[in-house]
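*Asks:* Take this structure, written in structure tokens, and hold onto it; I'll ask about it next.
The values are calculated or read from the model by the stated rules, or taken from the named source; none is laboratory data. Every value quoted in this text rests on a predicted model; they were computed, and no experiment measured them. Cβ atoms come from the backbone with ideal geometry, glycine included; neighbour counts cover every protein chain shown. For accessibility, only protein heavy atoms count, side chains too; no ligands or nucleic acids. Shrake-Rupley method; radii C 1.70, N 1.55, O 1.52, S 1.80 Å.
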Amino acid sequence: MSVTPPDTAAPASAAPPTDGQPPSADAQARLLLLIDVFSETKRSKGIEGRMKLAKLDFLLRYPQHFTKLMAVRRPNADVGEDPWLTGAIEQSMIRYRYGPWDPAYYALLGALTGKGLIEPKHEDAVATYRTTPAGHDVAVALAETESWRPVRDRARLLRRHLDLSGTTLKDLIYQTFPNIVEADWGTQL
């Protein structure tokens, strides 16, 4: 199977989900909350680049990795509660050229764009994702629920402590988790 690398500026709907199924509602909700948190301030452009999106989503999906990275980077920071109380990850990410990646991103971003919940912008070969007013309203409604509030809270911790470039996040992940760097491309993480 060919996977389009995250650093190309192909439209978000360029690839179907890897398993032929439509993007899950939970995965769409998780990404919507993440993008919305990074779109909350007026000066924010949203999340700049799919590499940054993937690295932030990696830290959101894998709370034990977030906790370990925070212990190294910000040892005294409160990491909040684990947003995934069951400990189950809906779909594993894979090791790809620039670290953790999910081939379903194109379908997920395409679904969110098609529903009018996010708006992608492409400038200088960098895709930037920001919530629309409708997307923000949906994200706020999700965040008011008991099951999604911890996800929004974790996304806010990511914005507060790790709002860095995609390359800087990739480097931090590589330094903190050498097993990811050593994994073969396509290995599930």
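*Asks:* For GLN64, work out the one condition from (1) of a type in the set (S, T, N, Q); (2) open to solvent by less than 50 Å² (accessible area, probe 1.4 Å); (3) closer than 19 Å to LEU169 by Cβ it doesn't fulfil.
*Replies:* Condition (2) is where GLN64 drops out.
*Asks:* Before we move on, is ARG43 touching a His at 6+ places or on another chain (Cβ under 6 Å) and open to solvent by 60 Å² or more (accessible area, probe 1.4 Å)?
*Replies:* Working: touching a His at 6+ places or on another chain (Cβ under 6 Å): no; open to solvent by 60 Å² or more (accessible area, probe 1.4 Å): yes.
Criteria not met by ARG43.
*Asks:* Whether any residue in the range 166-174 is in a loop (DSSP other than H, G, I, E, B) and either in contact with a Phe, Trp or Tyr (Cβ under 9 Å, 6 or more places away or on another chain) or small (Gly, Ala, Ser) (or both) is what I want to check.
*Replies:* Our first condition is that a residue be in a loop (DSSP other than H, G, I, E, B); within the range 166-174, this holds for none.
Taking every residue of the range 166-174 in turn, none turns out to be in a loop (DSSP other than H, G, I, E, B) and either in contact with a Phe, Trp or Tyr (Cβ under 9 Å, 6 or more places away or on another chain) or small (Gly, Ala, Ser) (or both).
*Asks:* Consider TYR105 against the criteria (1) over 13 Å from the mean Cα position of the chain (by Cα); (2) farther than 20 Å from PHE177 by Cα: it satisfies all of them except one. Which criterion is unmet?
*Replies:* In the conditions (1) over 13 Å from the mean Cα position of the chain (by Cα); (2) farther than 20 Å from PHE177 by Cα, TYR105 misses (1) alone.
*Asks:* A further question follows. Of all the residues that make up the range 96-124, how many are under 20 Å from ALA139 (Cα atoms) and part of a strand (DSSP E or B)?
*Replies:* Going through the range 96-124 one residue at a time, the tally reaches 4.
*Asks:* Mind listing whichever residues of the range 67-95 are in a helix (DSSP H, G or I) and open to solvent by less than 30 Å² (accessible area, probe 1.4 Å)?
*Replies:* Pass one, the range 67-95, residues in a helix (DSSP H, G or I): 67-73.
Correct list: LEU69, MET70.
*Asks:* Checking the structure you have, find out if any residue of the range 125-147 is of a type in the set (S, T, N, Q), at pLDDT below 95 and assigned to a strand (DSSP E or B).
*Replies:* yes
*Asks:* State yes or no: is TRP185 farther than 17 Å from PHE38 by Cα and either out of contact with any strand residue (DSSP E or B) (no Cβ under 9 Å at 6 or more places or on another chain) or loosely packed, with under 12 Cβ neighbours inside 10 Å (or both)?
*Replies:* Numbers: farther than 17 Å from PHE38 by Cα: yes; either out of contact with any strand residue (DSSP E or B) (no Cβ under 9 Å at 6 or more places or on another chain) or loosely packed, with under 12 Cβ neighbours inside 10 Å (or both): yes.
In short, yes.
*Asks:* Of all residues being open to solvent by 60 Å² or more (accessible area, probe 1.4 Å) and either under 10 Å from LEU32 (Cβ atoms) or of a type in the set (Gly, Ala, Ser) (or both) in the range 125-137, which is nearest to the chain's Cα centre (by Cα)? Just the residue, please.
*Replies:* Residue satisfying both the conditions and the ranking: HIS136.
*Asks:* Taking the range 101-124 as the search range and keeping residues that are surrounded by fewer than 23 Cβ atoms within 10 Å (Cβ to Cβ) and among the acidic types (Asp, Glu), which one is modelled with the highest pLDDT?
*Replies:* GLU119
*Asks:* Just to be sure before I move on: is TYR98 of a type in the set (Ser, Thr, Tyr), in contact (Cβ under 8 Å) with a residue 40 or more places away in the chain and open to solvent by less than 30 Å² (accessible area, probe 1.4 Å) in the structure I sent?
*Replies:* No; evaluated as a whole, the condition is false for this residue.
*Asks:* Would you check if there is a residue in the range 8-19 being crowded, with 20+ Cβ neighbours inside 10 Å, at pLDDT 55 or above and either of a type in the set (A, V, I, L, M) or in a helix (DSSP H, G or I) (or both)?
*Replies:* No, the range 8-19 contains no residue that is crowded, with 20+ Cβ neighbours inside 10 Å, at pLDDT 55 or above and either of a type in the set (A, V, I, L, M) or in a helix (DSSP H, G or I) (or both).
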